[in-house]
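Visitor: Handing you this structure, nothing more for now.
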Amino acid sequence: MTSTPQPTSSGSPVNQLFGTPDLPQPVLGVTGRPLPDLPEPEPLTSHGPARVIAMCNQKGGVGKTTTTINLGAALAELGRRVLLVDFDPQGSLSVGLGVPPQEMELSVYNLLMERDVELTDVVVPTDVPGLDLVPSNIDLSAAEVQLVNEVAREQTLARVLRPALAEYDLVLIDCQPSLGLLTINALTAADGVVVPLECEYFALRGVALLKDTIDKVGERLNPRLRIDGLLGTMYDGRTLHSREVLQTLVDGWGDAVFHTVIRRTVKFSDSTVAGEPILSYASDSAGAQAYRQLAKEVLARCRAA
Ligand SMILES: Nc1ncnc2c1ncn2[C@@H]1O[C@H](COP(=O)(O)OP(=O)(O)O)[C@@H](O)[C@H]1O
Ligand SMILES: [Mg+2]
């Protein structure tokens with residue numbers, strides 16, 4: 001004899017079969033997955049060794065520099081000592097932090113190419129406490145050519161950044177939009193890669209090539225390297241298009257995609273003009289809050305690494 005499920009306090013028979021709706025349902029984030037309960041990062045009493053993260057995507061204009069500045073500022077706000085490395089000859093990271101190219105005595109170029117220049121000679125403090133910068137300018141474009149003749153040319157950045165590892169908790173490298181020798185240097189110096197992707201139709205083109213490059217560097221030069229996460233940027237939830245791109249990203253990459261998504265807002269360009277992170281320029285804005293959330297997610301992933 002088959003018994004018919006009887007209604008109980010936990011709901012109808014159907015609910016008994018398919019789970020109880022009385023339990024609190026997980027809150028779904030913008031990426032369509034339940035939001036994780038991220039721990040509050042603990043205050044630090046000492047600093048280092050640093051985790052080195054390369055901000056990498058061979059496409060330009062996807063939010064690498066914006067993410068480097070604001071993730072850096074958010075991590076510094078959490079009491080982390082953070083070193084940002086401008087590794088793009090365009091020098092946008094330096095400009096975005098109020099360090100104009102003409103006022104630079106020494107840049108990352110000198111650090112890479114001149115043996116008597118040390119990291120401390122090149123590092124400049126920013127207006128954000130705990131956030132330092134290795135600036136860059138157009139000189140760096142010459143390094144790409146000159147490095148070709150160096151011994152261990154792919155390891156040059158890793159070698160010159162080594163003294164930073166004991167001083168800082170995180171080192172973020174803002175890569176140029178290419179997969180050339182400078183970017184290979186950044187990947188060789190890094191523990192993790194964060195890939196910012198604009199939530200636009202063509203964003204996913206090129207990600208396979210980037211993954212291939214990361215895998216090759218991992219196999220041949222730097223076995224520590226892993227992908228820390230893919231970050232959706234310039235998201236506009238009002239457009240089906242943006243939502244579809246994000247969904248495709250999650251379908252293909254699963255939990256590698258950060259739960260935090262950065263929405264499109266003009267405040268980012270405004271803060272660049274002001275030469276400061278959005279975290280200080282518009283501290284309560286949604287953009288600032290998103291990067292604070294990203295900082296917590298990155299720290300949680302670093303701990304799990
Ligand atoms: N979430 C965002 N919403 C709107 N504009 C953004 C956002 N993120 C970055 N931008 C703007 O887009 C442009 C390109 O961003 P940037 O961070 O310089 O990209 P990349 O370093 O990948 O070339 C900049 O003008 C920046 O201010
Ligand atoms: Mg950039």
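Visitor: Where in the chain is the longest stretch that carries no trypsin sites (Lys or Arg not before Pro) classed as loop by DSSP and with at most 14 other Cβ atoms within 10 Å? Please report the intermediate quantities before stating the final value.
Guide: Values: sites that count: 115, 205, 224, 238.
Within the chain, the longest run free of exposed trypsin sites (Lys or Arg not before Pro) spans 1-114.
Visitor: Right, another one. Connecting C-alpha atoms closer than 10 Å in a GNM of the chain, tell me which of 101, 163, 196 has the biggest fluctuation.
Guide: The residue with the greatest mean-square fluctuation here is 163.
Visitor: Between the range 40-114 and the range 213-230, how many Å separate their Cα centres?
Guide: About 20 Å separates the Cα centre of the range 40-114 from the one of the range 213-230.
Visitor: GluC sites (Glu not before Pro) within the range 43-107: which are DSSP loop residues with at most 11 other Cβ atoms inside 10 Å?
Guide: Details: sites: 77, 103, 105; in loops: 105.
When the GluC sites (Glu not before Pro) of the range 43-107 are filtered for loop state and at most 11 Cβ neighbours within 10 Å, 105 remain.
Visitor: Please report how many Lys pairs in the range 45-304 have alpha carbons closer than 21 angstrom, counting only residues at least 8 apart along the chain or sitting on separate chains. If you can, show how the numbers build up before the last one.
Guide: Working: 59/211; 59/216; 64/211; 64/267; 64/296.
So the count of such lysine pairs works out to 5.
Visitor: Report, in debye and to the nearest 20, how large the dipole of the range 45-304 comes out about its Cα centre when Lys and Arg carry +1 and Asp and Glu carry -1 on their Cβ.
Guide: Result for the range 45-304 is approximately 880 debye, rounded to the nearest 20.
Visitor: Taking Cα centroids, how far is the range 115-148 from the range 284-305 in Å?
Guide: Taking the Cα centre of the range 284-305 as reference, the centre of the range 115-148 is 26 Å away.
Visitor: If you don't mind, there's one more thing I want to ask. Among 294, 210, 182, determine the one that fluctuates most according to a GNM of the chain built with springs between C-alpha atoms less than 10 Å apart.
Guide: 210
Visitor: Charges on Cβ only, +1 for Lys and Arg, -1 for Asp and Glu, centred on the Cα centroid of the chain; of 199, 106, 299, which one is farthest towards the dipole's positive end?
Guide: Of the candidates, 199 comes out farthest on the positive side.
Visitor: Which percent, nearest 5, of DSSP beta bridges in the range 45-304 are antiparallel?
Guide: Counting only bridges with both partners in the range 45-304, antiparallel ones make up about 5 percent.
Visitor: At 222 nm, what helix-only mean residue ellipticity would the chain give, in deg cm²/dmol to the nearest 500, using -39500 (n - 2.57) for each DSSP H run of four or more?
Guide: After summing the helix terms and dividing by the residues of the chain, the value is -10500 deg cm²/dmol.
Any read-out appearing in this document is the output of simple, stated calculations on the displayed coordinates, not a laboratory observation. What you see is a predicted model, and the numbers here were worked out from it, not measured in a lab. Glycine gets a Cβ as well: all are built from the backbone with ideal geometry, and neighbour counts include every protein chain shown.
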